[in-house]
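The values are calculated or read from the model by the stated rules, or taken from the named source; none is laboratory data. The structure presented is a predicted model; accordingly, all values stated were derived computationally and were not measured. Here the Cβ positions follow ideal geometry from the backbone for every residue, glycine too, while neighbour counts run over all protein chains shown. The area values use the complete protein model at the heavy-atom level, side chains included, leaving out ligands, DNA and RNA. Shrake-Rupley method; radii C 1.70, N 1.55, O 1.52, S 1.80 Å.
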Amino acid sequence: MHPIQTFDLTKRYGTRAAKSVLAVDRIAFAVAEGQVFGFLGPNGSGKTTTIGMLVGTIKPTSGRFRLFGASGPKGLMAARARVGATLETPNFYPYMSGRDNLRVAAAVKGVGRPRIDECLELVGLSDRAKHRFNTYSLGMKQRLALAATMLNDPELIILDEPANGLDPQGIREIREIIRILAERGKTIFLSSHLLAEVERTCSHVAIIRKGRIVTWGAVAEVVGEGSAVLLRAPDTEALAGAMEAYPDSTSVRRTDDGIVATLDSGDLASVTRYLSGQGVHLSHLAPYRPSLEEVFIDVTQGAVDSMTEIAS
Amino acid sequence: MKILSVLLRIEWLKAVKRRSFWVAVAAFAVFTALPAVERVRNAHSDPNAVFALPESWPDILGTAAGIGPLFVGVLMILLVAPEFSWRTARQNVIDGLSKERFYAGKVMLLAGLVLFFMATTVLIGVGGALLSPGAGGPGFVRSSDFGYMSGLALAMLVFGSAGLFLSALVRSSGSALGILFLYLFVEEGVARLMSGAGREALRSAAEFLPFNVVEDLGDDLAHYPEVLAEVNADRAERSLALLEFPDVEVLAVAALAYSAFLLGISLLNMRKRDL
Ligand SMILES: Nc1ncnc2c1ncn2[C@@H]1O[C@H](COP(=O)(O)OP(=O)(O)OP(=O)(O)O)[C@@H](O)[C@H]1O
Ligand SMILES: [Mg+2]
């Protein structure tokens, strides 16, 4: 049974046409059990909105989703008992200690007290548990949020930018916790705009841009999608020009290493033939495996630079 | 039934750690107790000044009525509105409380506050009577005392419902408090205009403006006809206009209606809006 499935899930904020924002636009993807699923997108692309719909704080405008196969209100209530989630910043009572905050969360989730200490232990907050939440550093707040999500020992953990605002050490700690959880067989769905992070921690990824899912699947698949080649020639400019004109190439980028072109077909022989026809002689030609970052930049093209662009 | 105790426990955990909760409770207790302490002292020195139950209930309840309802309203705002700005309401829902249950918890908080404030008032009355010399008349509460207690509780309920309503609507304690006080101010002006109007219908409608209902329910004259008769006899002597109050039962129904309306709108609003 899939922990998460969405079917043309859509959210439009605001009703007046002129001012409304189409934050999530008919997205469809599925997260299978045991996956560490990265939900990757630039700022304002609709990650938080999507998660908000999944956890029940934001009403979808249209479309559906299933959690552990359930989609009705009753089924979802029951399914959510198997989920632990945070949305955006850690949300806690500032005047209470970390432990007291977890006591409230535990009461809501209906779990007992011993679990609180276990979770504090897991995120390394035991010795600061008695301090008030508003005295915590950002990293500690994030870790408390992780502890809270884990209280009910959820099968599915949903995290919205868990590494947001953390230093490299903090990011590493979060990554370590996620790794431990994944090893315990949990399904993890995390949103992020940190590409390297997602590439390191996730088995699967969906890339969202302006509310649309551009591509999704196993990280290796997404990265390997479209066959990219690395080309070098004595005359780089002529090579780039020729590749841009090549009907089979969908994108051409100049890198320090040479020219990276994405081809519709993996037919390298025709490329060599075409180039020598153009008078360009190759010194190097090899299949190229781009990093997730390159795929991301490629599919989100220049990312998003204004609110109006997202809306349009 | 189990869910009710769970909701109550959650609200209790949230409230006990809140300093403003205890400050408000302490302030209310002190305000209500001070005149009682004064009367107990008098009862010891002056044989004519008796502090005994049930005769002293009107005094004690009257003192509590002066600030109790407003305190419940303000406390509701202080305890509910920040849940939206801290986004803990959202987290509660994510953690598995449905919006309806979150709301039910707040209604229970309101009921709890009213009971808590009423219990404090009753304790102050009983304590003061025990510490004073001399015994009161037969019985501990007369039915009119009981009516006054219920009226006071209803007055608190209306204010508390208004606090919950404003919190759910504007989601910030500052604005909610501002609107509450602005409303009280505006209603007072409107009531004065309406009761000065020539038309009889307008004048009697003014009686049923929410704040007026709350004030009347907290007024001992509305609950003790014999005291009202005395006061009016005195006023007649000085040729002042006689005081009139609507029936307590009618006031109670109006209070319940206001409370139900405010709570109902809050629930609809909670349901409809994203967190
Ligand atoms: N409550 C709201 N009312 C109106 N518009 C909103 C609301 N919340 C989000 N939006 C808009 O919806 C779009 C998607 O926002 P969302 O917060 O889901 O993006 P995100 O991918 O989480 O971004 P980030 O990486 O910055 O957290 C944005 O254009 C945002 O301005
Ligand atoms: Mg976000």
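Tabulated data for the structure shown
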read-out	value
Reach of residue B:17 by Cα under 15 Å, taken over aspartates and glutamates that are not fewer than 8 positions away in the same chain	A:100, B:83
Dipole magnitude of the protein assembly as shown, debye to nearest 20 (Cβ charges: Lys/Arg +1, Asp/Glu -1, about Cα centre)	920
Distance between the range A:153-179 and the range B:234-275 - C-alpha centres, whole angstrom	52
Residue-by-residue Karplus 3J(HN,Hα) for the range B:113-129, coefficients 6.51, -1.76, 1.60, Hz, glycine and proline x	4, 4, 4, 4, 5, 5, 4, 4, 4, 5, 4, 5, x, 5, x, x, 5
Heavy-atom accessible surface of chain A: percent carbon and sulfur, 1.4 Å	51
Estimated dipole of the range B:127-229 in Debye, rounded to 20 [Cβ of Lys and Arg +1, of Asp and Glu -1, Cα centre]	280
Pairs from A:186/B:106; A:19/A:47; A:109/B:272; A:19/B:14; A:11/A:186; A:141/A:210 whose Cα-Cα separation, in the structure shown, is over 31 Å	A:186/B:106; A:19/B:14
Positive-end residue, the range A:136-287 charge dipole about Cα centroid, Cβ charges, pick of A:234, A:263, A:188	A:188
Anisotropy class of the range A:81-167 from Cα gyration tensor, a/c 1.5 cut	oblate
Accessible area buried between chains B and A, both sides summed, probe 1.4 Å, in Å² to nearest 100	2500
Euclidean distance between Cα centres, the range B:1-32 to the range A:196-256, Å	58
For chain A, calculated [θ]222 nm from helices alone, where every DSSP H run of n ≥ 4 adds -39500 (n - 2.57)	-10500 deg cm²/dmol
Loop-resident sites, the range A:102-160, for trypsin sites (Lys or Arg not before Pro), counting at most 14 other Cβ within 10 Å (DSSP)	A:130
Placed amide H near residue A:263: partners under 5 Å, 5+ positions off or other chain	A:227, A:228, A:229, A:250
The protein assembly as shown, accessible area per residue, ligands and nucleic acids excluded (1.4 Å, Å²)	46
Where trypsin sites (Lys or Arg not before Pro) fall in DSSP loop in the range A:175-212, at most 14 other Cβ within 10 Å	A:184
Positive-pole candidate from B:211, A:282, B:7, dipole of the protein assembly as shown, charges at beta carbon	A:282
Residues of the range B:233-275 buried by at least 30 Å² on assembly (accessible area, 1.4 Å probe, chain alone as reference)	B:274
Per DSSP, loop GluC sites (Glu not before Pro) in the range B:232-275 with at most 15 further Cβ within 10 Å	B:244
For the range A:207-246, size of Cβ-based charge dipole, Lys and Arg +1, Asp and Glu -1, in debye	320
Listed residues A:112, A:72, A:151: farthest to the positive end of the dipole of the range A:35-156 (Cβ charges)	A:72
Interchain or long-range residues, amide H under 5 Å from residue A:25's placed H	A:11, A:212
